[in-house]
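Inspection log for the structure reproduced underneath, given as structure tokens.
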Amino acid sequence: MVRSFTFSRSSWQKWILLLVLSGMAVMWIMPVSASPATDWFDKGNSSYYAGRFDEALLAFNKSLELNPDSAVAWTGKGNALNWLGHYDEALFAFNKSLGLNPDSAAAWSGKGSALAGLDRYDDALLAFNKSLEINPGAARIWKFKGNLLNMLDRNNEAVAAFNKALELNPDYIDALNDKGITLYKLGRGSEALAAYNKSLELSPGFINALENKALLLDAMGQYDEALVFSDRALGANQNSSYAWNSKGNALANLTRYNEALAAYDHATGGPVDSEVYYNRGRSLTALGRYADAVSSFDTALGAKPNLTAAQVTEVQVARKSALQKQNPAQQTSSSPAMTSAAPGQTPQQTKTAPLTYAPVSAIVLMAGIAIWVRRRNSPP
């Protein structure tokens, strides 16, 4: 006997409801797949935040092939290109994005980064200002604006921008560090020191602030403390050229020249070679190793980054002094006295005067702007 099933109106409605609810559950558990363009965009974002900028660029390009009118994909592409140092292409990408969405704060800030990478600082400042008009609560963009104003030597305005960033985010250690750099340039050493100290209270191992505090303490004549903070920076990064150079300066100022030379030798091959070789030459001069000093000064004059005109003159004077000490018969009464021993001192006791630079800025910019040192920064 075959049993048949019949449904009353109410039972039929229950089955329909059950099927609908089951379908909704399936849809909830397994959402409809996003479009291929969106999938590629998501892959680009994932690669970008992982620091794989070449992969990110490929993914954003795939997304744009499928949807060329995606403003966010153009912005993502521009960010990846900025990190790769392709600023002209990045600028094109941000302009495409802004053509599609002129109110994108992210695209305006990215465009500012690209323009700064092209040394178009005034245009970059306009772009950052536009970004802040749209999103005035973006602490990072206030910091980037401060960095740019610093580079333009509009230092008081830069401090105001950093203060705005810190008003929005009081624990922003990069803004504290960069504010310290600018205060140092303004000759406000004690305030700069306070900014570095606050940054280090929040993050004791923050190498940027450790390096910059060491440089500042050396400039303030606090050589023993400068040595302590140089060593702390080296504890955070044993390969830091900045920290080795700072350590060499502190040791040289303590007339510990052989130890200074060892520190400078560790610093060579990095981004501060011109000043390292100059400072190395000064210590060699103090030790009476004049031929080696001349060779070191020659390397300083040819090293990158290039010295300013004033620094070139300083190196040339030091080189001439070392040559005259190497060949006393050529020395005249008009010889520079900057490396001469004071009465009662031997040349080995003469304190050197290492080339003094403002603390280096190791800041990060959105989209990886290279003019501010990118070496320790991650994407936003």
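Size check on segment 224-295: the Cα extents along the three principal axes, sorted descending, read 35, 25, 14 Å. Phi angles across segment 308-324 convert, under the Karplus curve 6.51 cos²θ - 1.76 cosθ + 1.60 with θ = phi - 60°, into 3J(HN,Hα) values of 6, 4, 5, 5, 4, 4, 4, 5, 5, 5, 5, 5, 4, 4, 5, 4, 5 Hz, Gly and Pro given as x.
For ASN197 and MET220, calculate 0.36 nm times their separation in residues minus their Cα-Cα distance, and state this gained length in nm to one decimal. Numbers along the way, then the final one.
Numbers: separation 23, 0.36 × 23 = 8.28 nm, distance 1.52 nm.
Gain in length upon complete extension: 6.8 nm.
Would you list which lysines come within 23 Å of LYS62, measuring only between C-alpha atoms, while excluding same-chain residues fewer than 8 positions from it? In chain and number order, the partners are LYS43, LYS77, LYS96, LYS111.
Between LYS185 and ASP42, take the C-beta separation as r, use R0 = 51 Å, and let me know the FRET efficiency to the nearest 0.05.
Numbers: r = 43 Å, r/R0 = 0.83.
It comes out at approximately 0.75.
Which trypsin sites (Lys or Arg not before Pro) from segment 108-139 combine a DSSP loop assignment with at most 16 other Cβ atoms within 10 Å? Sites meeting the loop and neighbour criteria: ARG120.
Highest average first, the peptides 242-249, 204-211 ordered by how many other beta carbon atoms sit within 10 Å of their residues are 242-249, 204-211.
Straight-distance candidates among the lysines for linking to LYS213, with alpha-carbon spacing under 21 Å and chain neighbours fewer than 8 residues away dropped: LYS143, LYS179, LYS185, LYS198, LYS247. You can think of it this way: the chain between ALA310 and LEU84 has 78.1 nm of extra reach, that is 0.36 nm per residue less the Cα-Cα gap.
A simple spin-label model places the labels of ASN239 and THR255 3.7 nm from each other, with each point 7 Å out along Cα-to-Cβ.
Reducing segment 97-173 and segment 176-239 to their Cα centroids gives an inter-centroid distance of 25 Å. Distance between the 7 Å Cα→Cβ label points at ARG52 and PHE92: 2.6 nm.
Quick note: the coordinates plus some simple rules give every number you see, no bench work behind them. The structure presented is a predicted model; accordingly, all values stated were derived computationally and were not measured. All Cβ positions, even for glycine, are placed from backbone atoms using ideal geometry, and neighbour counts span all protein chains on display.
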